[in-house]
1. Within the range 29-52, can you find the residues that are of a type in the set (D, E) and either at pLDDT below 90 or touching a helix residue (DSSP H, G or I) at 6+ places or on another chain (Cβ under 7 Å) (or both)?
2. Starting from the range 30-42, take each residue that is assigned by TED's automatic domain parsing to the domain that holds V53 and list its partners that are aromatic (F, W, Y), counting only C-beta distances under 7 angstrom and pairs at least six apart or across chains.
Amino acid sequence: MKISLIPLLLVSSLAAFAAEKGQGDKADAVPKDYPLMTCVVSGESLTEMGKPVEYVHHEAGKPDRKIMLCCERCIPDVKADPAKFLKKIDEAAKNPDKRDPKKDFTEEHH
């Protein structure tokens with residue numbers, strides 16, 4: 001009976017480790033220098049659907065801009081009106097102390 005308990009304990013320990021590791025990856029997924037914890041399109045947490053999507057907006061004559069999104073489905077909205085979403089990031093960057101993971105932009109997307 002001792003032999004059959006060892007694999008069971010090993011499997012449960014590995015499962016606990018994997019769950020704990022996944023939590024850490026999620027918390028570290030949003031760069032510390034990014035001013036928001038929510039998607040500028042949907043208003044959802046950037047880690048709501050797993051690791052956030054990093055979209056880079058390119059505009060001639062201007063530096064590239066990184067936009068973090070909750071999922072790839074938000075990319076077409078950003079492409080359609082990038083100024084609208086870059087403005088939200090710029091406004092959030094002016095108030096870095098207010099990096100609120102629960103802030104809702106009231107834009108329904110998902």
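The values are calculated or read from the model by the stated rules, or taken from the named source; none is laboratory data. Quick caveat, the model's predicted, so the values are computed rather than measured. Here the Cβ positions follow ideal geometry from the backbone for every residue, glycine too, while neighbour counts run over all protein chains shown.
1. Restricting attention to the range 29-52, the residues satisfying the condition of being of a type in the set (D, E) are 33, 44, 48.
Within the range 29-52, D33, E48 qualify.
2. Note: pairs meeting the criteria are T38/F105; V40/F85; V40/F105; V41/F85.
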